[in-house]
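Undergrad: First the structure, which I've put down as C-alpha cells, then a few questions once you've had a look.
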Amino acid sequence: MTASTTTAMVQAEGLQKTYKGDVRALDGLSFRATAGSIFALLGPNGAGKTTTVRILTTLARPDAGSASVAGIDVLRRPGQVRSVIGSVSQHTGAVPQLTGKENLTMQGSLHGMRGTQLRRRVAELLGQFGLDDAAKRQARTYSGGMRRRLDVATVLVHRPAVLFLDEPTTGLDPEGRASLWAILTGLADQAGTTILVTTHYLEEANQYAGRIAIVDRGAIVAEGTADELKSALRGDSVLLELPDGRRAEQARQALARVPQVHHAAADGSVVRARVADGPRTLPAVLAGVEAAGVPVLSVSVARPSLDDVYLHHAGRAFGQAERINL
Amino acid sequence: MSSQHTALTPDIAQPQVVPAGAAAPGQPTWSDTGSRPGQLRQAWVILTQRYLRQLYRVPVVIFMTLIQPIIWLLLFGALFKKVAEIPGFGGGDYITYLTPGVVIMTAMFSASWTGMAYIEDMQTGVMDRFLTAPVGRGALTAAMLAYQGLTTALQSAIIIAIGWGTGATFPGGAAGIAALIGVSVLIAVAMAGVSNWFALLTRQREALIGASTTLVLPLTFLSGAFLSLQLVPGWIVDVARFNPVNWAASAGRIAVEAHPQWSTVGSYAGFLALAVVVTATAATRAFGSYQRAL
C-alpha cells in the first residue's frame, strides 16, 4: 500500500468467496470508499454484503482478491486493521450480563486504554449516546434502540478511523433509526470517521449515504451517489399492467423492438419500460404493444427513484441488465 | 432522543488515522495474529474478569454446579457403603474413597460445558466483537481456561468440605488436599480445552450437549473414580491407563493418603499438564476453523 491510496479508506479488489456446497457469496467484488464519508452497500439478502464486511473486518478470508482498510492490508496485517476499526455486526455484540458502562470499559481495555483516559472516554460516550441513566444496568435489560446505541458507542471507545455497520437499523423503530443515522452522520461530518454501512432499506441509503454501491450476486453492479444512480437510468419508467405473466412477457418482447425503449423488464404481470421522456414516448410504447396484439390494462409514467435503480440492478430484471450500458 | 444527538455531534473528537504502512505513533507494531505479547497478557486478564463478573451476576449457576456432587456423595456414599468391605479396597470407608472421585468427576463435568459460553457469544455477536478487536486468539483461550481453573478450585474445595462433613477423612492433610484441588484444576482445564475446541468446530449447542453427555460418564466409569481398579475387568484397567480422568482420580486419591507417593502424583500431574497443552492448542487453532466458516 502506497501513500497515494490513503484517500481510499476502504478498498476491496476482486473479492471472491465460495462457501461449502458451492455457494458463491462473492464473485469479484470491488469498490473504494473515501475518508470521512458514509458509504452504503445496498442489496437484497444474500447478495454478499455481510460476507464483504466480514472480510474487511478480518473475520473471514476471501478465496481470492485483496482489501485494505486505512491503507493497511487486511489479509497481511489483520492485527493492525483491528486496532483502527470498529465493527457492529447484525447481532448486538454487547455482553448481556454486563452493564453498559462495563461493556464500554471492557472494549476500551481490549484496545489498550487505561485509567483516567479510559474512564473519561466511557463517561463521554455514555453522555453522547443518552445512556447515562442506563449506564449501571445490565445490557440485557435495554430496549432495542438503546442496545443499538450501546453497540455503536462500544466500538467507538478507541476512536476508530473506519466504522463498519452491518444492517444497523434492522429491527429499530423509525425514531430509533433517525437517531442512529443522526449519530452516524455526525461521526462522518464532525470526526471524519469513514463509515461503511450495509442496508437493504432504499430510503435510508437514498437519504444518508454519500455514495451507494449496489451489490447483487456477489458483485457491485452499480456505484455512485443516489442522484448519479438515478440519472444513470436515463429518463422515466413506463409501467404497463397486463392481464397475466404470459402476456407481460409478450409485451416485454414487443417493447424490446421499440427503438425509444432502452430497456424493458417483466415482473409478474407488470412490465417496466425505460424511456428517455415518458409522456412523449407513451404513444410509441402503446403502439408497440398493440401491434403485438397484447391487451393493456393500465399505464403509468414515473420519474426514476432509487427503487427503480434497485429493481433494475438487483431485482428480477437483472438478467436483462447486462444488455444496456449504464 | 433528539437532544442527545445535538449534543453528540460537536463533541466527537478526531479519530486516530493510522498512516499506510506504519503504526500510529506510540503504538508498537505486532504480528498479524492480532496480538502483542504485552497485550495478550492484559487481554486474558480482562476477559477472565468478564467471565467471573458474569458468573457473579448469575449466581444460580454456582448453586447448580454444587447440587450434583452433593447428590453423588450422599447417594453413592449410601448405595455403595458396603463396597469398601470387599478385599481390594484396602480397608477404609467408601466415602473417603469416593470423595476424590466426585471432586474429579464434577470438575470434568462442569468443564465439559465450558464451550457453551462460546456458543452463546457466537449467537449474541460477542464472539465477532472480540475477534475484530486486537485480541490474540491465545488470550481468548487463556481467559476461558483461567476462568475454568479458578471456578474449579473453588468448587473442589467446597466438595472436599462437604465430603469431610459426611465422614470422609484426608490423612494427607493440607498438602494432600491442595494437590487434589490442583489435579482437579488440571483435568478441568484439559476438558475445557476439548469443550472449547468442539464448540468452535460445531458451533451448535445440541452438538456440544451430545458430546459432553456421551463423553463424561464413560470417561468416569472407565477410571478408578468410583471403584478400585483392582475390582474391575482387565480391559477396563487397560483403557483406564490412558484415561486422563483416571490419572486425575488416582493422583487425587494418592495425594490425600497418609503417606502419599509424591512421585506417582507428580507423573500423573505431568501427563495432565501435557493434556492441557494439547487441548488448549487445539482450542486456539479451532478459531481458524470457526472463521473459515464465516
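The values are calculated or read from the model by the stated rules, or taken from the named source; none is laboratory data. Just so we're clear, the structure is a prediction, and the values are computed from it rather than from any experiment. When we count neighbours, we look across all protein chains shown, and the Cβ atoms used for this are built from the backbone with ideal geometry, even at glycine.
Undergrad: Going residue by residue through the stretch A:223-232, is there one that turns out to be under 28 Å from residue A:285 (Cα atoms) and crowded, with 19+ Cβ neighbours inside 10 Å? Explain how you work it out, then say what you get.
TA: Taking the stretch A:223-232 and keeping what is under 28 Å from residue A:285 (Cα atoms), we get A:226-232.
If we keep only those that are crowded, with 19+ Cβ neighbours inside 10 Å too, we end up with A:226, A:229.
Yes, because at least one residue in the stretch A:223-232 is under 28 Å from residue A:285 (Cα atoms) and crowded, with 19+ Cβ neighbours inside 10 Å.
Undergrad: Quick one: would you say residue B:176 is in contact with a Pro (Cβ under 7 Å, 6 or more places away or on another chain), more than 30 Å from residue B:293 (Cβ to Cβ) and not hydrophobic (A, V, I, L, M, F, W, C)? Explain how you work it out, then say what you get.
TA: Working: in contact with a Pro (Cβ under 7 Å, 6 or more places away or on another chain): yes; more than 30 Å from residue B:293 (Cβ to Cβ): yes; not hydrophobic (A, V, I, L, M, F, W, C): yes.
Against the criterion (in contact with a Pro (Cβ under 7 Å, 6 or more places away or on another chain), more than 30 Å from residue B:293 (Cβ to Cβ) and not hydrophobic (A, V, I, L, M, F, W, C)), residue B:176 qualifies.
Undergrad: Would you tally the residues in the stretch A:191-203 being under 20 Å from residue A:46 (Cα atoms) and in a loop (DSSP other than H, G, I, E, B)? Don't jump to the end; show me each part of the working.
TA: Filtering the stretch A:191-203 down to residues under 20 Å from residue A:46 (Cα atoms) leaves A:196-203.
Narrowing further to those that are in a loop (DSSP other than H, G, I, E, B): A:200-201.
Of the residues in that region, 2 qualify.
Undergrad: Something else now. Looking at A:172, A:229, which is the one that is modelled with pLDDT under 90 and more than 14 Å from chain B (Cβ to nearest Cβ)?
TA: On the way: A:172 fails: more than 14 Å from chain B (Cβ to nearest Cβ).
Every option except A:229 fails the conditions.
Undergrad: Now a separate question. Would a scan of the stretch B:104-116 turn up a residue that is surrounded by fewer than 24 Cβ atoms within 10 Å (Cβ to Cβ) and either within 12 Å of chain A (Cβ to nearest Cβ) or within 24 Å of residue A:74 (Cβ to Cβ) (or both)?
TA: Checking the stretch B:104-116: not a single residue is surrounded by fewer than 24 Cβ atoms within 10 Å (Cβ to Cβ) and either within 12 Å of chain A (Cβ to nearest Cβ) or within 24 Å of residue A:74 (Cβ to Cβ) (or both).
Undergrad: For the condition at pLDDT below 85 and out of contact with any Cys (no Cβ under 8 Å at 6 or more places or on another chain), what is the one hit in B:101, B:91?
TA: Details: B:101 fails: at pLDDT below 85.
Exactly one of B:101, B:91 is at pLDDT below 85 and out of contact with any Cys (no Cβ under 8 Å at 6 or more places or on another chain), namely B:91.
Undergrad: Give B:114, B:132 a once-over and let me know the one that is on the phi < 0 side of the Ramachandran plot, in contact with a strand residue (DSSP E or B) (Cβ under 8 Å, 6 or more places away or on another chain) and not acidic (Asp, Glu).
TA: Numbers: B:114 fails: in contact with a strand residue (DSSP E or B) (Cβ under 8 Å, 6 or more places away or on another chain).
Checking each option against the conditions leaves just B:132.
Undergrad: While we're on this one: So the check is Cβ under 8 Å with 6+ separation or different chains; which pairs have a first residue in the stretch A:254-277 that's within 15 Å of residue A:311 (Cβ to Cβ) and a second one that's of a type in the set (Ser, Thr, Tyr)?
TA: A:272/A:237; A:273/A:237; A:274/A:237
Undergrad: Okay, next question. Only one of these conditions is not met by residue B:215: (1) in contact (Cβ under 8 Å) with a residue 40 or more places away in the chain; (2) farther than 25 Å from residue B:288 by Cβ; (3) surrounded by fewer than 21 Cβ atoms within 10 Å (Cβ to Cβ); (4) within 16 Å of the chain's Cα centre (by Cα). Which number is it?
TA: Only one criterion in (1) in contact (Cβ under 8 Å) with a residue 40 or more places away in the chain; (2) farther than 25 Å from residue B:288 by Cβ; (3) surrounded by fewer than 21 Cβ atoms within 10 Å (Cβ to Cβ); (4) within 16 Å of the chain's Cα centre (by Cα) is unmet by residue B:215, namely (2).
Undergrad: I'd like to check something: does the stretch A:190-205 contain any residue that is at the interface with chain B (Cβ under 10 Å from one of its Cβ atoms) and under 18 Å from the mean Cα position of the chain (by Cα)? Give the derivation first.
TA: First, pick out the residues of the stretch A:190-205 that are at the interface with chain B (Cβ under 10 Å from one of its Cβ atoms): A:190-194.
Those still in the list that are under 18 Å from the mean Cα position of the chain (by Cα) too: A:193-194.
Yes, the stretch A:190-205 contains a residue that is at the interface with chain B (Cβ under 10 Å from one of its Cβ atoms) and under 18 Å from the mean Cα position of the chain (by Cα).
Undergrad: Here's something else I'd like to know. For the stretch B:149-158, check the following and say yes or no: at least one residue is closer than 30 Å to residue A:91 by Cβ and more than 11 Å from the chain's Cα centre (by Cα).
TA: Checked against the condition, which is being closer than 30 Å to residue A:91 by Cβ and more than 11 Å from the chain's Cα centre (by Cα), the stretch B:149-158 yields no hits at all.
Okay, residues lined up against (1) exposed (fewer than 13 other Cβ atoms within 10 Å of the Cβ); (2) among the hydrophobic types (A, V, I, L, M, F, W, C):
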{"residue": "B:223", "(1), (2)": "no, no"}
{"residue": "B:227", "(1), (2)": "no, yes"}
{"residue": "B:236", "(1), (2)": "no, yes"}
{"residue": "B:239", "(1), (2)": "no, yes"}
{"residue": "B:255", "(1), (2)": "no, yes"}
{"residue": "B:259", "(1), (2)": "yes, no"}
{"residue": "B:262", "(1), (2)": "no, yes"}
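Undergrad: May I pose another question? What do you reckon, is residue A:92 within 9 Å of chain B (Cβ to nearest Cβ), part of a loop (DSSP other than H, G, I, E, B) and under 23 Å from residue B:124 (Cα atoms)? Step through it out loud before you land on a result.
TA: Numbers: within 9 Å of chain B (Cβ to nearest Cβ): yes; part of a loop (DSSP other than H, G, I, E, B): yes; under 23 Å from residue B:124 (Cα atoms): yes.
Yes: the conditions hold for residue A:92.
Undergrad: Would you check if there is a residue in the stretch A:118-127 being within 11 Å of chain B (Cβ to nearest Cβ), small (Gly, Ala, Ser) and farther than 21 Å from residue B:53 by Cα?
TA: Scanning the stretch A:118-127 turns up at least one residue that is within 11 Å of chain B (Cβ to nearest Cβ), small (Gly, Ala, Ser) and farther than 21 Å from residue B:53 by Cα.
Undergrad: Now for a separate question. Within the stretch A:129-164, restricting attention to residues that are within 27 Å of the chain's Cα centre (by Cα) and of a type in the set (D, E, K, R), which residue is nearest to residue B:58 (Cα to Cα)? Spell out the reasoning first.
TA: To start, the set of residues in the stretch A:129-164 that are within 27 Å of the chain's Cα centre (by Cα) comprises A:129-130, A:142-164.
From the residues that got through so far, the ones that are of a type in the set (D, E, K, R) too are A:147-149, A:151, A:159.
Working: A:147: 20, A:148: 24, A:149: 25, A:151: 23, A:159: 32 Å.
Among those residues, the one meeting the criterion is A:147.
Undergrad: Residues of the stretch A:56-72 being at negative phi and at the interface with chain B (Cβ under 9 Å from one of its Cβ atoms), which ones?
TA: In the first step, residues of the stretch A:56-72 are kept if they are at negative phi; the result is A:56-57, A:59-64, A:66-69, A:72.
Answer for the stretch A:56-72, where residues must be at negative phi and at the interface with chain B (Cβ under 9 Å from one of its Cβ atoms): A:57, A:59, A:60, A:61, A:68, A:72.
Undergrad: Does residue A:82 count as crowded, with 19+ Cβ neighbours inside 10 Å and either touching a residue at least 60 places away in the same chain (Cβ under 8 Å) or facing chain B (nearest Cβ under 9 Å) (or both)?
TA: Numbers: crowded, with 19+ Cβ neighbours inside 10 Å: yes; either touching a residue at least 60 places away in the same chain (Cβ under 8 Å) or facing chain B (nearest Cβ under 9 Å) (or both): yes.
When the stated conditions are applied, residue A:82 passes them.
Undergrad: Name the strands (runs of 3 or more DSSP E) wholly inside the stretch A:221-283 in which the number of residues that are under 22 Å from residue A:47 (Cβ atoms) is 1 or more. Explain how you work it out, then say what you get.
TA: Values: elements: A:236-241, A:261-267, A:270-275.
Fully inside the stretch A:221-283 and qualifying: A:261-267, A:270-275.
Undergrad: For the stretch A:215-272, name all the residues that are out of contact with any strand residue (DSSP E or B) (no Cβ under 7 Å at 6 or more places or on another chain), more than 30 Å from residue A:23 (Cβ to Cβ) and not hydrophobic (A, V, I, L, M, F, W, C).
TA: Listed by number, the residues that qualify are A:227, A:228, A:230, A:231, A:243, A:244, A:246, A:247, A:250, A:253, A:257, A:259.
Undergrad: Go through B:189, B:83 for me and flag whichever is touching a helix residue (DSSP H, G or I) at 6+ places or on another chain (Cβ under 9 Å) and either within 30 Å of residue A:157 (Cα to Cα) or at pLDDT 95 or above (or both). Walk me through it before giving the result.
TA: Values: B:83 fails: either within 30 Å of residue A:157 (Cα to Cα) or at pLDDT 95 or above (or both).
The conditions single out B:189.
Undergrad: Kindly indicate whether residue A:187 is buried (at least 22 other Cβ atoms within 10 Å of the Cβ) and over 27 Å from residue A:30 (Cβ atoms). Working first, answer last.
TA: Values: buried (at least 22 other Cβ atoms within 10 Å of the Cβ): yes; over 27 Å from residue A:30 (Cβ atoms): no.
So residue A:187 does not fit the description; no.
Undergrad: Hey, another quick one. Can you find even one residue in the stretch A:157-165 that is more than 8 Å from chain B (Cβ to nearest Cβ) and assigned to a helix (DSSP H, G or I)? Break it down stepwise before answering.
TA: Taking the stretch A:157-165 and keeping what is more than 8 Å from chain B (Cβ to nearest Cβ), we get A:157, A:162-165.
When the remaining residues are screened for being assigned to a helix (DSSP H, G or I), the result is none.
Looking for residues that are more than 8 Å from chain B (Cβ to nearest Cβ) and assigned to a helix (DSSP H, G or I), one finds none in the stretch A:157-165, hence no.
Undergrad: Determine, yes or no, whether residue A:257 is modelled with pLDDT under 85, surrounded by fewer than 20 Cβ atoms within 10 Å (Cβ to Cβ) and of a type in the set (Lys, Arg).
TA: Working: modelled with pLDDT under 85: no; surrounded by fewer than 20 Cβ atoms within 10 Å (Cβ to Cβ): yes; of a type in the set (Lys, Arg): yes.
Here the answer is no, as residue A:257 does not meet what is asked.
Undergrad: With the checklist (1) touching a Gly at 6+ places or on another chain (Cβ under 7 Å); (2) more than 12 Å from every other protein chain (Cβ to nearest Cβ); (3) within 18 Å of residue B:133 (Cβ to Cβ) in hand, flag the one item residue A:144 doesn't pass.
TA: All conditions are met except number (3).
Undergrad: Would you please list the contacts, defined by Cβ atoms under 6 Å and residues six or more apart or on different chains, that run from a residue in the stretch B:275-294 that is more than 14 Å from chain A (Cβ to nearest Cβ) to a residue that is surrounded by 14 or more Cβ atoms within 10 Å (Cβ to Cβ) and among the β-branched types (Val, Ile, Thr)?
TA: Qualifying pairs under 6 Å: B:276/B:189; B:279/B:194; B:280/B:141; B:283/B:141; B:284/B:141.
Undergrad: Does the stretch A:167-190 include one or more residues that are of a type in the set (Val, Ile, Thr) and part of a helix (DSSP H, G or I)? Outline the logic, then answer.
TA: Within the stretch A:167-190, the first condition is being of a type in the set (Val, Ile, Thr), and the residues that meet it are A:169-170, A:183, A:185.
Now narrow it down to the ones that are part of a helix (DSSP H, G or I): A:183, A:185.
Yes, because at least one residue in the stretch A:167-190 is of a type in the set (Val, Ile, Thr) and part of a helix (DSSP H, G or I).
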